[in-house]
1. Can you sort MET393, MET423 so the residue with the fewest Cβ neighbours within 10 Å comes first?
2. What is the magnitude of the charge dipole of segment 249-384 about its Cα centre, with +1 placed on the Cβ of each Lys and Arg, -1 on the Cβ of each Asp and Glu, and no other charges, expressed in debye to the nearest 20?
3. Along the positive direction of the dipole of the chain (beta-carbon charges: Lys, Arg +1; Asp, Glu -1; about the Cα centre), which of TYR265, ALA202, VAL233 reaches farthest?
4. What pairs from LYS398/LYS436; LYS338/LYS452; LYS192/LYS251; LYS251/LYS451; LYS370/LYS436; LYS398/LYS572 go past 31 Å between their alpha carbons?
5. Per residue of segment 521-534, in order, report the coupling 6.51 cos²θ - 1.76 cosθ + 1.60 (Karplus, θ = phi - 60°) as ³J(HN,Hα) in whole Hz, putting x for Gly and Pro.
6. Express the C-alpha Rg of segment 384-503 as a ratio against the empirical globular expectation 2.2 N^0.38 Å, rounded to two decimals.
7. Quick one: length gained pulling THR61 to PHE223 fully straight, 0.36 nm per residue minus the C-alpha distance?
8. Using the Cα centre as the reference, give the magnitude of the dipole from point charges on the C-beta atoms of the chain (Lys, Arg: +1; Asp, Glu: -1; all else neutral), rounded to the nearest 20 debye.
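Each reported figure results from applying straightforward, stated rules to the coordinates on display, with no laboratory input. Please read all numbers here as calculations on a predicted model, not as lab measurements. Positions of Cβ are backbone-derived with ideal geometry, glycine not excepted, and every protein chain shown enters the neighbour counts.
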Amino acid sequence: MSKIFNLSALVLFSAATLFTMYRETPAKARPAVADPKPKAVQTRDAAPEIAYTISMSKPWTHLLEVEMRMKWPSARQTVDVKMPVWTPGSYLIREYARHVQDFAAKSGASPLGWSKINKNTWRINADGAKEIVLNYRVYSNELTVRTNELNDEHAFWNNGATLMFPAGQLAAPSTVTIHPYSNWKIATGLPKVGGQANTFSAKNFDILYDSPFEVSDFTEITFSVHGKPHRVVMSGEGNYDLRQIATDIAKIVEEGYKIFGELPYDDYTFIVNLRGGGGLEHLNSTALQWSRWGFKPQARYNGFLGLVAHEYFHLWNVKRIRPDALGPFDYENENYTKLLWVAEGMTSYYEGILTRRAGLITENAFLEGKASMIEQLQARPGRFETSLEEASMDAWIKYYRQDENSINNQISYYDKGDIVSMMLDITIRTASSGAKSTDDVLRYLYNEFYKKGRNYTPQDFQKAAELAAGKSLDDFFSKYVRGEAEIDYDGIVRGIGLTMNVTEPNRSRAYLGADLAETDGRLTVRSVSTGTPGYEQGLNTGDQIVAIDGYRATQTFLQSYIGDKKPNDKVKLTIFRFDKLRDVNFTLGSNQRKDYSFAPVENPTPEQQRLYKDYLKADL
């Protein structure tokens, strides 16, 4: 899934994918997709020849020009073509059809009639034609890893947001020919078609839709690991060292190889756009975005390597080790699963594991990042409202639609999934006396499910974990995966010789209990967590704090003024709410924010020392 980062979260490894060799699935095994009514005549026994051409003659208009040519073995009377409504790895309905314009259909030189029959379906009156040509343009002016951007600097697009498919023909192969602007080069994970310039092929639409394109005057470097070529494409200027990046990514690739024993692709491409932030897993490639000046100092560069490791590890976890509903895909509806906490949360956990094993971060940096993530989770009242499985199911309606109350009723399946994966790994290591770990869980799923053409269920995942631990883990999964129980951090990590220290350094300090933001001189309430003084005394999101005890309120002054107070002191807040000025008599509370950190236990046993060393490749 796509991972969305802010820079500080990246440095701490709090949350924020790759497939290559696709196991083709017959069309009849696909999820049922409701056909629009009235029902069009569809043939599933004979696939058309499908060829796309994508041009960008005027990049400053942000319009990608698409030609779709379909040649059928027999005459057609009616043909439906559809645009996906989402793209795999980013679990939100995005309605890509809204960017389509100038749609036209023809057979030879003769125009064909057509009508739009629902939000993402165009019905063409083929009038007995065997070959149909569609032309349309796609407005592309949003640079994220799941959308498209075309301008005078580059073109980046996802095929799911650009290319239509004939209804009922997701198993059909296709080719894509690119007409680049000027002398721009092309980067994609799709294989080239021999003897045809700038033409690429896809065995089916799952492969086509999971292979983005970058077309620009990019900089690149190649390297090999275990005989497999890897390509890093950097679009944009920045303060990066391309040779160092290639060296460090090769180390990450090597650590992935050590877990699974193979690199199941012919080649791999890392596409990096030097604007924005985030990543999205794809077939034998990944699309990454990073700040052009985000490669120095070392802490920021480590954040970039964490992003790379996350998206690369999806090569196995998600793209091959597939949760129940995630592939083959229904591109017109939500694909619900309770396993995003494994698909994304465990992948987030392994981004730290890979970079640590590769020697790219220290053991202290790894543990500090996990402690910081735990601190953020423990500060969210939503951890008592939503389980990991519920957060996974509700991703389609909640994760990408955060609001001011999200802190109170949600958790992130990335972040809590990362933490629970860490606790699961340590639980398995302790139970098996170091013989097994979550590496073994993933290898089991890879061999028993991916290699046998199966997706796994929540029950399958728990069984795999129990096989590794050698005992029942129902209590663990009931509390921490299906339930909302507080995690026994200290009890779990003591198995490898660590203890979880929890302190309240500011308990004696006065506290307002609201998250504030200052913009253009206006100090406003951004969110209010349940259980805080602000929540209990009625501060609302959107309130503008004008003054405190008659003095003009700024972020700096408010912090200083409250810092001189004590818990239970009373102040008068003057606020604007819905443009009406009012005074609020407010009793300051105690700041009960907790700090979390890992530390070695006193007098660790030889077993604890051994397990710790095996876990983090270091000594207690």
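1. Values: MET393 19, MET423 22.
The order, fewest Cβ neighbours first, is MET393, MET423.
2. Working: 15 positive and 16 negative charges, 110 e Å.
The calculation lands at about 520 debye.
3. ALA202
4. Going by Cα-Cα distance, LYS398/LYS436; LYS398/LYS572 fall outside the 31 Å limit.
5. Residue by residue, segment 521-534 yields x, 9, 9, 10, 7, 8, 7, 9, 7, 4, x, 8, x, x Hz.
6. On the way: Rg = 15.6 Å, N = 120, 2.2 N^0.38 = 13.6 Å.
Normalised by 2.2 N^0.38 Å, the Cα Rg of segment 384-503 equals 1.15.
7. Computed gain between THR61 and PHE223 is 54.7 nm.
8. Numbers: 73 positive and 75 negative charges, 180 e Å.
Computed charge dipole of the chain: roughly 860 debye.
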